[in-house]
1. Sort out which residues of segment 174-190 are closer than 14 Å to Arg261 by Cβ, in contact with a helix residue (DSSP H, G or I) (Cβ under 7 Å, 6 or more places away or on another chain) and either acidic (Asp, Glu) or exposed (fewer than 12 other Cβ atoms within 10 Å of the Cβ) (or both), and write them in order of number.
2. Could you list, in sequence order, the residues of segment 221-235 that are assigned to a helix (DSSP H, G or I), touching a residue at least 40 places away in the same chain (Cβ under 8 Å) and not hydrophobic (A, V, I, L, M, F, W, C)?
3. Being in contact (Cβ under 8 Å) with a residue 40 or more places away in the chain and under 27 Å from Ala228 (Cβ atoms) narrows it down to one of Val147, Val182, so name that one.
4. Which one of the conditions (1) modelled with pLDDT of 90 or more; (2) among the aliphatic types (A, V, I, L, M); (3) buried (at least 20 other Cβ atoms within 10 Å of the Cβ) does Ala229 fail to meet, given that it meets all the rest?
5. Kindly evaluate Thr191 against the criterion of being assigned by TED's automatic domain parsing to the domain that holds Val139, part of a helix (DSSP H, G or I) and closer than 15 Å to Lys162 by Cβ.
6. Across segment 236-276, what is the total count of residues that are part of a helix (DSSP H, G or I) and not polar (S, T, N, Q)?
7. Quick check on segment 58-72: of everything there that is of a type in the set (A, V, I, L, M) and under 13 Å from Lys37 (Cα atoms), which residue is surrounded by the fewest Cβ atoms within 10 Å (Cβ to Cβ)?
Amino acid sequence: MIRKAAPETLHDYLLEYSTTREIEAETIRQYGIAIRKLEEWAGHTFRLDELDELTISTWLRDYSRTVATNTVRSKRVQILALWRNAADDGYVNPPRRRIRTAKCCLDAPVAWTIDEVAALRAACRKLKRRHKCGLPRSVWWELAVMVAWDTGLRWGDLVRLKVNAIPPHGIFAWTQHKTKRVAICRLEPETMRLLRETLAACPRELVLPWPASGETFREQAKRLVSKAAIRPGTWKWLRRSSGTDVEIQEFGAASRQLGHRPGSRVAYVSYVDPVQVAQHGRQIWPRPLPPPPSPQ
């Protein structure tokens, strides 16, 4: 019986790990970035037998001086995931104690206003050429903005959304790819009308087929935001805007809109723009102090 050689480096193990588990290509890419950052700091190809708590803690400490705390936390999670799985496979010893990072100072979420989303939609209509699925790019992107606004779905779910999952009334259940939780979504009548028109012109299985990479999508979305002349932001801002808008209309609606579990605070930590909510009177402000007594 021929036994394959144990991987020597983290990159070698990542290759084995990615072929023996069901892992998204984007997740593998992020693991590769974490390894590259570790190797840039170490100055050499990082071997599996170099994994120890002091080395990883020192790297994370130094890395935290140049990047945001959330970025440090994500790289820590990725390296530890590889380390623990390599330990499960019998290649290394597992971490023996917790590897800490600096506490995260969270900024308040920022989202586009409804007027900025309308400007984004208007910018879509000025796009030229045709999408690979056969639709004009102007129509494809306008439909993408409208579906994202109506549902609050992540990009990964938008490009997986199937036409046959959406009934004529526009209300449907969708299992989110990231969390595996079911979200109840509703497409507005105008969105349904545009969807029907595009299906008549271009029959397809997916509502928003995207044959290119996620990086290509993000780059094109960035250019679209620039054309719209609104505040610079990523496609994720559209999900924030959707959650913020329903929260303005009804307290607690953001969590339902974004498909979070009941009682979750994720919507308020990462998505709902508190300034917009406050501007619409949803914030309970302290009453003004009474005037001081007049001098006797």
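The values are calculated or read from the model by the stated rules, or taken from the named source; none is laboratory data. Quick caveat: nothing in here was measured; it's all calculated off a predicted structure. When we count neighbours, we look across all protein chains shown, and the Cβ atoms used for this are built from the backbone with ideal geometry, even at glycine.
1. First pass over segment 174-190, keeping only residues closer than 14 Å to Arg261 by Cβ: 175-176, 178-184.
Still in the running and in contact with a helix residue (DSSP H, G or I) (Cβ under 7 Å, 6 or more places away or on another chain): 176, 178.
If the condition is that a residue be closer than 14 Å to Arg261 by Cβ, in contact with a helix residue (DSSP H, G or I) (Cβ under 7 Å, 6 or more places away or on another chain) and either acidic (Asp, Glu) or exposed (fewer than 12 other Cβ atoms within 10 Å of the Cβ) (or both), then Lys178 is the only one that fits.
2. The first filter runs over segment 221-235 and keeps only residues assigned to a helix (DSSP H, G or I), leaving 221-228.
Within this subset, residues satisfying the condition of being touching a residue at least 40 places away in the same chain (Cβ under 8 Å) are 224-225, 227-228.
Correct list: Lys227 only.
3. None of the others qualify; the one that does is Val147.
4. Exception for Ala229: condition (3).
5. The answer is no for Thr191.
6. Residues of segment 236-276 that are part of a helix (DSSP H, G or I), as a first pass: 236-249, 253-257, 266-271, 274-276.
Subsequent filtering for residues that are not polar (S, T, N, Q) retains 236-240, 243, 245-248, 253-254, 256, 266-269, 271, 274-275.
Qualifying residue count, segment 236-276: 20.
7. The qualifying residue surrounded by the fewest Cβ atoms within 10 Å (Cβ to Cβ) is Val67.
Here's the yes/no breakdown for (1) under 27 Å from Gln276 (Cβ atoms); (2) touching a helix residue (DSSP H, G or I) at 6+ places or on another chain (Cβ under 6 Å); (3) hydroxyl-bearing (Ser, Thr, Tyr); (4) surrounded by 14 or more Cβ atoms within 10 Å (Cβ to Cβ):
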position	(1), (2), (3), (4)
Arg129	no, yes, no, no
Lys132	no, no, no, no
Arg154	yes, no, no, yes
Asp157	yes, no, no, yes
